[in-house]
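Everything below concerns the one structure shown next.
The values are calculated or read from the model by the stated rules, or taken from the named source; none is laboratory data. Bear in mind that the values here come from a model prediction, so they are computed numbers and not experimental data. Here the Cβ is made from the backbone with ideal geometry for all residues, glycine too, and neighbour counts use every protein chain on show. To get the accessible areas, we keep the full protein, side chains included, count just its heavy atoms, and leave off ligands, DNA and RNA. Shrake-Rupley method; radii C 1.70, N 1.55, O 1.52, S 1.80 Å.
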Amino acid sequence: MKKLTSVLAISALAAGVAMQAQAATPEQGGTLTVPIITQTFLEDFNPLNGVQADIVSGTMFEPLWVQNTMAGEINWRLAESFTYGADKKSMTITLKDDLTWSDGEVLDADDLLFSLAIGGDDIKLDHTGQWANGVIESVEKVSDRAVKINFSEVNTTIDWYMPALWVIPEHIWADIDDKINYKNPNPVGSGPITEVTTVRGNQIEICRNPHYYKADQGLPYLDCIKFRQYSDNSQIQPALMADEIDWGSNFVADIDKTYVEPSPDTHGYWYPANDLWNLYMNTREAPFDRVEFRKAVSMAIDRETIVDLATYGYATPESSVVGIGEFFGAHFNDKVNKKYADLAEYNPDEAIKLLDKAGYKDVDGDGYRENPDGTEIDFDIHIVNGWTDVVQAVQMVTEYLADVGIKANTRTLEWSVYDAALKDGTYDMSFNWSVTNGQDPIQAYLNYYHPARVGEIWHANHGMASEELGALVDEYSRIDDQDRREEILAELMTFTAENLPFVPVMSNATWFQYNTTRVDGFPSDDNPYVHPNFYNGGSKLLVFENLHAK
């Protein structure tokens, strides 16, 4: 199934939902079944702690709006508009009228104000990141439906981050002292499904919100979502084949043969480009503290073969080391890419020369190099246990490194350990994605280099975040001069390519399989009304809103 390339096709589908309109409005009823990789389900429906984010985000709790990058438009959800102040030092968000929570209480500006303010009190509750990076100075209610966000300085990009805010009901949460650890067992939400009917270790079912603000439009069409627990991808694939799952978001080996061919009328997939996967290195520690070593790592790996074997060719091998992937290909700087193109080429001979020249030699004759001071090089590459495709990619990386005399080991971890090591900067090397599928490429560099993000997210604690780089990101966010913005991006691209705190490997595919045996209305390469990313709450919401029972 080819990737959609026609601009005309995308433009023709910009209306998105209109293309989904049926000859008659679909009847209500039916259940969507989706897989979740986890060890067990918990009775935890807290949108603030991320414990079961894929279950509650966009489904139980709606965002203010969704930036639909596929259609090139904003899909308004709880909010009806936002406006920047004339001095670009504030934004006013206005909610839709007649919003209610699932318990029938009014959802208004008090709830929005409360949900914003708690991020200022505790940055762990700040999903927008705009308190943490010093952008938001204060918030104030200006009417029953409107809240004003005051900035510490001029900013023109804060609207990119507001969809990450989960508005929660003040009348429930105001009395909760430990908000991050509260399990919210009886959730009150704003989304299309809020009523928890089943909680077991291997299954959670949530059904329609009795007070949903779009109920008068017949939405949602489906009654429920059934989330099923699987330990890893290897369990999901046979479940897909057996028609137990309607929407898959995981790697499937040889999908045309194993999934589509047995049931071509009901089994399909669509794999548009997604985020960039990088090998993050802890540049505070040897051997990663020297750029020569990091460059040798980049040249030692065969990206095309990794993509062909580990992802069956569905991902895209990265031909650039500037830090953004194919999702943002329109923002590539040809001059910068050309200058550093050799660093993304498979060239083990050049990697060996670079290591030899830098003093990394096999002193003890065991076939592996030592550091210039004679200490052993033997490090782990972190990846999550069960992520079968990227585990194989890491295994291949260790083999390529061994070919140039570098000893590295694949270390599979439970999610919580992997997550903590990336945030705390306690890894040697870790294979992880990046924020390269948002609204603008500056978001990737914000998360790579802004000091305010260190310790808060996966991508910043490699040791090269700095006030200087953070200032460039901040400048970009204060201006609307496109020429200067391109200059800033070029500076950040050049820094990344010259210093390589991480090695870009591949632009991942968006893993999206659909089964129309019971449920229809999925996006596809013929009807790309939204990027089909289940792990993005906004995208998931727009897909779910279009689904209906057959």
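Of everything in segment 338-347 that is touching a residue at least 24 places away in the same chain (Cβ under 8 Å) and not aliphatic (A, V, I, L, M), the residue that is most open to solvent (accessible area, probe 1.4 Å) is K339. The residues listed here are I204, I245, I225; of these, the one that is in a loop (DSSP other than H, G, I, E, B), within 25 Å of the chain's Cα centre (by Cα) and of a type in the set (A, V, I, L, M) is I245.
Selection over segment 377-411 of residues that are in contact with a strand residue (DSSP E or B) (Cβ under 6 Å, 6 or more places away or on another chain) and open to solvent by 60 Å² or more (accessible area, probe 1.4 Å) gives a count of 3.
Among the conditions (1) of a type in the set (V, I, T); (2) within 17 Å of N499 (Cα to Cα); (3) open to solvent by 10 Å² or more (accessible area, probe 1.4 Å); (4) not in a loop (DSSP other than H, G, I, E, B), the only one that T283 does not satisfy is (4).
Tell me yes or no: at least one residue of segment 349-360 is within 19 Å of the chain's Cα centre (by Cα) and in contact (Cβ under 8 Å) with a residue 60 or more places away in the chain. No, there is no match, as no residue in segment 349-360 is within 19 Å of the chain's Cα centre (by Cα) and in contact (Cβ under 8 Å) with a residue 60 or more places away in the chain. Checked against the criterion of being modelled with pLDDT of 95 or more, among the hydroxyl-bearing types (S, T, Y) and open to solvent by 30 Å² or more (accessible area, probe 1.4 Å), the candidates Y535, Y514 yield just one match: Y514.
Condition first: out of contact with any strand residue (DSSP E or B) (no Cβ under 8 Å at 6 or more places or on another chain) and either at pLDDT 90 or above or within 18 Å of I225 (Cα to Cα) (or both). Can you find one or more residues in segment 7-20 that meet it? If you could, list the steps in order and put the result at the bottom.
First, the residues of segment 7-20 that are out of contact with any strand residue (DSSP E or B) (no Cβ under 8 Å at 6 or more places or on another chain): 7-13, 15, 17-20.
Remaining after also requiring either at pLDDT 90 or above or within 18 Å of I225 (Cα to Cα) (or both): none.
Checked segment 7-20: no residue is out of contact with any strand residue (DSSP E or B) (no Cβ under 8 Å at 6 or more places or on another chain) and either at pLDDT 90 or above or within 18 Å of I225 (Cα to Cα) (or both).
Given the structure, is D144 open to solvent by 50 Å² or more (accessible area, probe 1.4 Å), of a type outside the set (S, T, N, Q), closer than 21 Å to K124 by Cβ and part of a loop (DSSP other than H, G, I, E, B)? Spell out the reasoning first.
Working: open to solvent by 50 Å² or more (accessible area, probe 1.4 Å): yes; of a type outside the set (S, T, N, Q): yes; closer than 21 Å to K124 by Cβ: no; part of a loop (DSSP other than H, G, I, E, B): yes.
When the stated conditions are applied, D144 does not pass them.
If you go through segment 441-456 and keep only what is in contact (Cβ under 8 Å) with a residue 40 or more places away in the chain and buried (at least 19 other Cβ atoms within 10 Å of the Cβ), you end up with P441, I442, Q443, A444, Y445, L446, Y448, Y449, H450, A452, R453. Only a single criterion out of (1) more than 28 Å from E285 (Cα to Cα); (2) not in a loop (DSSP other than H, G, I, E, B) is not satisfied by D480, namely (2). Selection over segment 236-258 of residues that are open to solvent by 10 Å² or more (accessible area, probe 1.4 Å), in contact (Cβ under 8 Å) with a residue 24 or more places away in the chain and more than 20 Å from P272 (Cβ to Cβ) gives a count of 2. Answer yes or no: is there a residue in segment 118-127 that is under 21 Å from L48 (Cα atoms), out of contact with any helix residue (DSSP H, G or I) (no Cβ under 6 Å at 6 or more places or on another chain) and without any contact (Cβ under 8 Å) to a residue 40 or more places away in the chain. Yes, there is a match, as at least one residue in segment 118-127 is under 21 Å from L48 (Cα atoms), out of contact with any helix residue (DSSP H, G or I) (no Cβ under 6 Å at 6 or more places or on another chain) and without any contact (Cβ under 8 Å) to a residue 40 or more places away in the chain. The set of residues in segment 54-77 that are touching a residue at least 40 places away in the same chain (Cβ under 8 Å) and open to solvent by 40 Å² or more (accessible area, probe 1.4 Å) comprises D54, Q67, T69, G72, E73. Here F502 meets the list (1) in contact (Cβ under 8 Å) with a residue 60 or more places away in the chain; (2) surrounded by fewer than 21 Cβ atoms within 10 Å (Cβ to Cβ) almost entirely, failing just condition (2). Among the residues of segment 315-326, those that are open to solvent by less than 50 Å² (accessible area, probe 1.4 Å) and closer than 17 Å to I442 by Cα comprise S320, V321, V322, G323, I324, G325.
Applying the selection to segment 153-200, what residues are crowded, with 20+ Cβ neighbours inside 10 Å and assigned to a strand (DSSP E or B)? I193, T194, listed by residue number.
Taking only segment 80-130 into account, find how many residues are farther than 15 Å from W65 by Cα, not in a helix (DSSP H, G or I) and not aromatic (F, W, Y). Total satisfying the criteria: 19.
Criterion first (open to solvent by less than 40 Å² (accessible area, probe 1.4 Å), part of a strand (DSSP E or B) and at pLDDT 95 or above) does N150 satisfy it? So N150 passes the test.
Could you tell me whether segment 266-289 includes any residue that is of a type in the set (S, T, N, Q), at pLDDT below 95, under 30 Å from S466 (Cβ atoms) and in contact with a strand residue (DSSP E or B) (Cβ under 6 Å, 6 or more places away or on another chain)?
Yes, because at least one residue in segment 266-289 is of a type in the set (S, T, N, Q), at pLDDT below 95, under 30 Å from S466 (Cβ atoms) and in contact with a strand residue (DSSP E or B) (Cβ under 6 Å, 6 or more places away or on another chain).
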